[in-house]
Amino acid sequence: MTTIAIISSSVRQGRNSHRVALYLKNYLEENKLADADILDLKEYDFPLFHERLHLQKDPSPGALDLASRIRAADGVIIVTPEYNGGYPASLKNVVDLLTDEWRRKPVAISTVSDGPFGGTQVITSLQFSLWKIRAWTVPAMFPVLKVSEAFDENGVAADRKAADRRAAGFVSELLWCIEAKGKMA
Ligand SMILES: Cc1cc2nc3c(=O)[nH]c(=O)nc-3n(C[C@H](O)[C@H](O)[C@H](O)COP(=O)(O)O)c2cc1C
């Protein structure tokens, strides 16, 4: 079975974008599309890293765990909130932590806001960082606007049919990329 790691990026108290990570995990597993592994940056509670993982002399178990789960995943979904038009420091911290783990890793981005624009201003900066680090970002989006109305705390969508229809298109691009990569190996 394909494994997809879902990075839940918000570490904020009372965060809402985690709901989208829960929804996507349920969507993938209920439809038997992939096993989903949520990498919760709030749970990891990382300090600001002073150096990339492969250059650290005594890496923390959490950093090693994150790296190995990304390495093990066939693809990654990043769920990110928009903070002041960019992606949060918690996410930049782990993007820069890893190197080879990102290389040619299929990645799909879901942006989230509580306002009407779905956090889409994040896309340009995050795509660019991931391109620089040699990940393979797929040209699909899953923007979520008014997240606290769209999903409950358990990740259940208010309009499940509409959410599932959008998720299908989003996830299929990522699965296509994973399959294409598999054919090249
Ligand atoms: C520091 C900060 C900056 C924010 N900036 C934006 C923004 O630029 N655009 C926007 O639509 N929402 C913004 N928001 C609101 C988020 O969209 C909202 O918190 C949403 O629930 C997603 O973030 P969360 O997962 O941390 O809750 C901001 C929130 C914080 C805490």
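The values are calculated or read from the model by the stated rules, or taken from the named source; none is laboratory data. Everything numeric in this text was worked out from a predicted model, so none of it was measured. Please note: Cβ atoms are built from the backbone with ideal geometry, for glycine as well, and neighbour counts cover all protein chains shown. Ligands, DNA and RNA are stripped out before the accessible areas are found, and what is left, the full protein with its side chains, is counted by its heavy atoms. Shrake-Rupley method; radii C 1.70, N 1.55, O 1.52, S 1.80 Å.
Looking across the range 91-133, the residues that are surrounded by fewer than 23 Cβ atoms within 10 Å (Cβ to Cβ), under 26 Å from Asp45 (Cβ atoms) and hydroxyl-bearing (Ser, Thr, Tyr) come down to Thr99, Ser113, Ser125, Ser129. Can you find even one residue in the range 13-32 that is of a type in the set (A, V, I, L, M, F, W, C), touching a helix residue (DSSP H, G or I) at 6+ places or on another chain (Cβ under 6 Å) and touching a residue at least 12 places away in the same chain (Cβ under 8 Å)? No.
Scanning the range 23-71 for residues that are under 17 Å from Leu91 (Cβ atoms), part of a loop (DSSP other than H, G, I, E, B) and not charged (D, E, K, R) yields a total of 4. Here Ile70 fits the description: out of contact with any helix residue (DSSP H, G or I) (no Cβ under 7 Å at 6 or more places or on another chain) and open to solvent by less than 10 Å² (accessible area, probe 1.4 Å). Screening Pro81, Pro59, Pro88 for residues that are crowded, with 23+ Cβ neighbours inside 10 Å and either at pLDDT 95 or above or more than 16 Å from the ligand (Cβ to nearest atom) (or both) leaves exactly one candidate, Pro81.
Scanning the range 114-168 for residues that are of a type outside the set (A, V, I, L, M, F, W, C), within 16 Å of the ligand (Cβ to nearest atom), within 17 Å of Ile7 (Cβ to Cβ) and at pLDDT 95 or above yields Ser125, Pro143, Gly155. Only one of the listed residues (His54, His50) is open to solvent by 10 Å² or more (accessible area, probe 1.4 Å), without any contact (Cβ under 8 Å) to a residue 24 or more places away in the chain and either within 17 Å of Met141 (Cα to Cα) or away from the ligand (no atom under 12 Å from the Cβ) (or both). That residue is His50.
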